[in-house]
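One structure is given here, and the rest of the page talks about it.
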Amino acid sequence: MKIVIVGAGKIGYSLAEELANENHDITVVDIEKEKVKLLSDTLDVMTLCGNGAAISVQREANVDESDLLIAVTAQDELNMLACIVARKLGCKNTIARVRNLEYTEQLYVLKSELGLSMTINPELLAAKEIYRLLQIPAFIKRDTFAEGKAEIVELFIADGSPLDGLQLADLRRKIRVHVLICAVLREEKVFIPDGSFVLRQGDKIYVTAPASSLVELTHELKLRSKKSKNVLIVGGGRIAEYLAPMLIKTGTSIKLIEMKRSRCEYLAEKYPEVNVICSDGSSQAVLRTHNIRQMDAVLPLTNMDEENIIIGMFARKMGVPQLLTKINRLEYGEILGDRGADSLISPKSLSTYAIIRYVRAMENTGGSAVLTIHRIADGGAEALEFAVTDVTEHLHERLADIRLKPGILIVCINHMGRIIIPGGRDTLSAGDTVVIVTTAGREILDLNDIFAQ
């Protein structure tokens, strides 16, 4: 597809890189020459220096002939205007990054009038991700499918885990919850395992389960299942602002440390239930003063990755049970491992993958369309949800009799709202949705692409 990206910042660069790797025709527009030059020098994309909301610039970028325009500059108003202009020029699909909470609420009403196909709010996505992880602290990551009825959760096999040394063929005898281990990350290598695979301490595993069974799963594995009730947030930016009301509704006790007095006053007035502290949250003395040891969870959410990592490392030293760290440069996380976080929260990555899911769905307007896509195993594997239609091959055949291409696993079937963790006797029917897991980098645009010929 021909895609124009307006804005060459963190998200714009990430999108250009990912979409170019998927063989799309990408043009990136930005008003800053340095950003345009960096893209031109490092990625195989077309670039254009100019105001991405100007009609003349969009015409030069051939927006009128494009399938999609994505506006991800730092200015909400510019992004919305760029999308309006693109629709006037004939571009049928537009996506805008909109970060202001007031705009976000209004866009539910004005989306069609503004000609927006989709809006993305990176900080709101991050807040929702953090909230979900706080509800069941044992999980490092949670990805939802089947309209929230099924999930793939990431777990770490620690010393003494009942999974250490377990052959997957024995999983159902060992654990009473019906789940499926669909991927394993071991020493930076990704495995799509079969029944002969043996788990061991240090593995990161990705478990498919009905959402209703997740708490029971933590009990079976003797993991911490109670949600975090005492939370310390360091950094009073947009993520904290979005997260606070979610946690307040669940009765969570919140301390929030922020340096800027004006921001503290704003948050304290908006959320009187939150204990807002105007101080330097990167100071170990300040963190000790405000009882970091007694916290169930610490959330470093400042605008500096390095500061968040240092705060996280200190929280880890203090024995905080759950640590969720905001970071945009994921290479930092790769270097640190789990020393600076249980889970890394990247607004950039969450936004990038949400847009890529939309682009993948656009590519398949017929057949068994992609409904949901999530990257798992540190990006080494993908979980894709497809709609099963009348043109899907092997309908009503037992899964045991169907040959799949190597490295592909069917991990979940949603049949009329009932979540099935599949076995050999299960079948696919038109109207179902099905989740498959495969190694990253494979082009699977239709469910029929998974079947061996």
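The values are calculated or read from the model by the stated rules, or taken from the named source; none is laboratory data. This is a predicted model, so every value here is computed, not measured. Glycine gets a Cβ as well: all are built from the backbone with ideal geometry, and neighbour counts include every protein chain shown. Just so you know, the surface numbers come from the protein's heavy atoms only, side chains and all, with ligands and any DNA or RNA stripped out. Shrake-Rupley method; radii C 1.70, N 1.55, O 1.52, S 1.80 Å.
Any residue in segment 142-154 that's over 10 Å from Leu214 (Cα atoms) and among the hydroxyl-bearing types (Ser, Thr, Tyr): show its pairings with residues that are modelled with pLDDT of 95 or more and assigned to a strand (DSSP E or B) at Cβ separation under 9 Å, as long as the two are six or more apart or on different chains.
Between residues of segment 142-154 that are over 10 Å from Leu214 (Cα atoms) and among the hydroxyl-bearing types (Ser, Thr, Tyr) and residues that are modelled with pLDDT of 95 or more and assigned to a strand (DSSP E or B), the close pairs are Thr144/Ala150; Thr144/Glu151; Thr144/Ile152.
In segment 285-323, how many residues are among the small types (Gly, Ala, Ser) and surrounded by fewer than 17 Cβ atoms within 10 Å (Cβ to Cβ)?
Let us first name the residues in segment 285-323 that are among the small types (Gly, Ala, Ser), namely 285, 297, 312, 315, 319.
Okay, now just the ones that are also surrounded by fewer than 17 Cβ atoms within 10 Å (Cβ to Cβ), so 285, 319.
Number of matching residues: 2.
Can you tell me which of Lys227, Lys260 is modelled with pLDDT under 95 and open to solvent by 10 Å² or more (accessible area, probe 1.4 Å)? Let's see the steps before the verdict.
Working: Lys260 fails: modelled with pLDDT under 95.
Checking each option against the conditions leaves just Lys227.
Being over 20 Å from Ile130 (Cβ atoms) and out of contact with any Gly (no Cβ under 8 Å at 6 or more places or on another chain), is that true of even one residue in segment 244-253?
At the first step, the residues of segment 244-253 found to be over 20 Å from Ile130 (Cβ atoms) are none.
No; the residues of segment 244-253 include none that is over 20 Å from Ile130 (Cβ atoms) and out of contact with any Gly (no Cβ under 8 Å at 6 or more places or on another chain).
Give me the pairs: first residue in segment 435-447 and of a type in the set (Gly, Ala, Ser), second residue modelled with pLDDT of 85 or more and not in a loop (DSSP other than H, G, I, E, B), beta-carbon distance under 6 Å, and six or more apart or on different chains, which are they?
Partner pairs satisfying both residue conditions: Ala440/Ala381; Ala440/Glu382.
Could you tell me which of the residues Leu155, Leu116, Leu133 is aliphatic (A, V, I, L, M), assigned to a strand (DSSP E or B) and modelled with pLDDT under 95?
Numbers: Leu116 fails: assigned to a strand (DSSP E or B); Leu133 fails: assigned to a strand (DSSP E or B).
Step by step, each of Leu155, Leu116, Leu133 is checked, and only Leu155 is aliphatic (A, V, I, L, M), assigned to a strand (DSSP E or B) and modelled with pLDDT under 95.
Out of Pro406, Pro347, which single residue is out of contact with any strand residue (DSSP E or B) (no Cβ under 9 Å at 6 or more places or on another chain) and at pLDDT 90 or above? Lay out the reasoning, then the answer.
Values: Pro347 fails: out of contact with any strand residue (DSSP E or B) (no Cβ under 9 Å at 6 or more places or on another chain).
Of Pro406, Pro347, the one residue that is out of contact with any strand residue (DSSP E or B) (no Cβ under 9 Å at 6 or more places or on another chain) and at pLDDT 90 or above is Pro406.
Looking only at segment 305-344, count every residue that is modelled with pLDDT of 80 or more and either in contact with a His (Cβ under 8 Å, 6 or more places away or on another chain) or on the phi > 0 side of the Ramachandran plot (or both) and tell me the total.
1
Hey, which of the strands (runs of 3 or more DSSP E) in segment 350-436, taking only ones fully inside, have at least 2 residues that are among the aliphatic types (A, V, I, L, M) and open to solvent by less than 10 Å² (accessible area, probe 1.4 Å)?
Values: elements: 370-376, 381-387, 408-415, 418-420.
So the answer is 370-376, 381-387, 408-415.
This table checks each residue for (1) assigned to a loop (DSSP other than H, G, I, E, B); (2) under 30 Å from Gly202 (Cβ atoms); (3) open to solvent by 30 Å² or more (accessible area, probe 1.4 Å); (4) not small (Gly, Ala, Ser).
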{"site": "Gln106", "(1), (2), (3), (4)": "no, no, yes, yes"}
{"site": "Glu123", "(1), (2), (3), (4)": "no, no, no, yes"}
{"site": "Lys128", "(1), (2), (3), (4)": "no, yes, yes, yes"}
{"site": "Ala138", "(1), (2), (3), (4)": "yes, yes, no, no"}
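Just checking, does segment 384-405 include any residue being in contact with a Phe, Trp or Tyr (Cβ under 8 Å, 6 or more places away or on another chain) and within 19 Å of Tyr206 (Cα to Cα)?
yes
Let me confirm something: among Ala387, Ala383, Ala400, which residue is modelled with pLDDT of 90 or more and either in contact with an Asp or Glu (Cβ under 6 Å, 6 or more places away or on another chain) or within 23 Å of Asp67 (Cβ to Cβ) (or both)?
Details: Ala383 fails: either in contact with an Asp or Glu (Cβ under 6 Å, 6 or more places away or on another chain) or within 23 Å of Asp67 (Cβ to Cβ) (or both); Ala400 fails: either in contact with an Asp or Glu (Cβ under 6 Å, 6 or more places away or on another chain) or within 23 Å of Asp67 (Cβ to Cβ) (or both).
Just a single option satisfies the conditions, and that option is Ala387.
Within segment 91-100, identify whether any single residue is among the aliphatic types (A, V, I, L, M), in contact (Cβ under 8 Å) with a residue 40 or more places away in the chain and touching a strand residue (DSSP E or B) at 6+ places or on another chain (Cβ under 7 Å), and answer yes or no.
If we filter segment 91-100 for residues that are among the aliphatic types (A, V, I, L, M), which is where we start, we get 95-96, 98.
Cutting the leftovers down to in contact (Cβ under 8 Å) with a residue 40 or more places away in the chain gives us 95.
When the remaining residues are screened for being touching a strand residue (DSSP E or B) at 6+ places or on another chain (Cβ under 7 Å), the result is 95.
Looking for residues that are among the aliphatic types (A, V, I, L, M), in contact (Cβ under 8 Å) with a residue 40 or more places away in the chain and touching a strand residue (DSSP E or B) at 6+ places or on another chain (Cβ under 7 Å), one finds at least one in segment 91-100, hence yes.
Which condition breaks for Leu232 when tested against (1) farther than 19 Å from Met304 by Cβ; (2) modelled with pLDDT of 95 or more; (3) not polar (S, T, N, Q)?
It fails just one condition, (1).
Of all residues in segment 350-361, which are closer than 17 Å to Tyr131 by Cα and small (Gly, Ala, Ser)?
Residues of segment 350-361 closer than 17 Å to Tyr131 by Cα: 350-351.
Correct list: Ser351 only.
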